[in-house]
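This report concerns only the one structure given below.
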Amino acid sequence: MSTDVLSTAPSAPPVAPDGPAPARVRVPLWDTARFLAVTLVVIGHAIQRQTTASDHAMALYTFIYAFHIPAFGVISGYFSSSATPTAVRMRRTIAEIVVPYIVMQTIWTVVESIVEGRKQFNPTQPTWTLWFLLALGIFRLVLPYLAQLRWPLLWTVAASIGVGYLDNVDSTLSLSRAIGLMPFFLLGWQLKGWGVMDRWAGAPRRVVVWVRSAAVVVLAAWGSACVVFVRPFRSFELHHWFFYDDSYSGLGQDAWWAGFLRLGLMVLASALTASFLLLVPRRRVWLSAFGQATMYVYLLHTFVLYPIRESGVLSGPHSAWPYLLLMVALAITVAVLLATPPVRAATRWLLEPRVPLLFRRDPDQQPTSEATRAS
């Protein structure tokens, strides 16, 4: 089973969930991008409690949340297949997404019941970061159908904008976020078909310098805007728009033009994601090895941060910028440690459980129908 379920490559030979993992050709750029993206997730979660009292934290939080999950969507889409699902691929989805989701949702139910005393097990309402597992499952489920349409990216953009007008589409089964973020997943899938990243991998150094300079300008401009306009952004609660988990009326903006604002934010996220990916080293660096463990970092870092977030130590004076830098350093350290081989070896049984008893013995054997037997 893949240890980078957040961006599984379709080019890998199929393997049963209880069989040995296939050898894969790792692409350094994508491995590095995966780890950097998940590190941004950890940083965002680490500083969230500090945003209430600190403009510095809010500026950094707004900067990160504008594109870090869209980047995950693009990466996941790039490594997804629109081919008709086979029995083996369906088993992998169950083993890599459904089973870990149920396991982690159960654990979090117990933890929150002990700490907060109010949680009941409800698999339709994902806890904290678990929503992305369900969203990824939905992405994979609908991709073969979307691939049959003309302009599938355009349709997903229309759906993302339109779902914001519907108050009855909420966080149940991550549906609001899945529909809202679907365009980024489709964008990644189409980038693969267009061969954009293949051409980038072979681009001459002169082109790379100019393109990366432009990427730096884009990210710097957005970072500057987050600092200069932090008070208006806070007043408008702009960061909530980056969650894609609420309707426009739930965000306090039920005007007809709210959809155009989401469209603008999707364009912004696309530009920032492109800039982020263009700045990732094309060659292998020391961070590349950690890109194979994004699922471990994504699912385990919440257990490290939860006691800190719930203790209340990040409020008040502990929101000042020195403590903000401390939490950023802590988040980076946590991301690196959770991606190390010892941690992966110790928790593989939990995050990559072997579940052969869930499946029929032969994944390619179909049950014989009464009509077939009669003939």
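Readers should treat all values here as calculations from the given coordinates under stated rules, not as data from a laboratory. Just so you know, these numbers come straight off a predicted model, no measurement behind them. Using ideal geometry, Cβ is built from the backbone for each residue, glycine included, and neighbour counts are taken over all protein chains shown.
Which number comes out as Rg/Rh for the stretch 25-361 once both Rg and the Kirkwood Rh are worked out on C-alpha atoms?
Taking Rh as the inverse mean 1/r over Cα pairs, Rg/Rh reads 0.94.
Just need the relative contact order of the chain here, percent rounded to a whole number, with Cα pairs under 8 Å and 6+ apart. Each step should come with its number before you reach the end.
Working: 460 pairs, mean separation 122.8, N = 375.
Relative contact order of the chain: 33 percent.
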* Asked: Helix 294-311 versus the longest principal axis of the chain: what angle, 0 to 90°, nearest 10, using Cα atoms?
  -> 40
* To do: Only loop residues by DSSP count here, and only those with at most 16 other Cβ atoms within 10 Å; note down the GluC sites (Glu not before Pro) in the stretch 39-144 that meet that.
  => E116
* Structure fact -> Between the residues T124, V98, P317, the Cα farthest towards the positive end of the dipole of the stretch 25-361, that dipole coming from +1 and -1 charges on the beta-carbon of Lys, Arg, Asp and Glu, is from V98
* **Nearest 10 degrees, 0 to 90: helix 175-194 Cα axis against the chain principal axis** => 80
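Where does the chain land at 222 nm, in deg cm²/dmol rounded to the nearest 500, when only DSSP H runs of n ≥ 4 count, each adding -39500 (n - 2.57), divided by all residues?
Only helices count here, giving -19500 deg cm²/dmol.
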* Asked: Among S81, S213, S315, which comes first, second and so on when ranked by fewest other beta-carbon atoms within 10 Å?
  -> S213, S315, S81
* Structure fact -> Per residue convex hull volume, Cα only, the stretch 39-149, in Å³ is 131
* **Helix 258-279 vs. the chain, principal-axis angle (Cα, 0 to 90°, nearest 10)** => 80
* I107-L154 FRET efficiency (beta carbon distance; Förster radius 41 Å; 0.05 resolution) -> 0.55
* **Set of the stretch 161-202 residues, backbone N closer than 18 Å to the point 7 Å along the Cα-Cβ line of F260** => 161-165
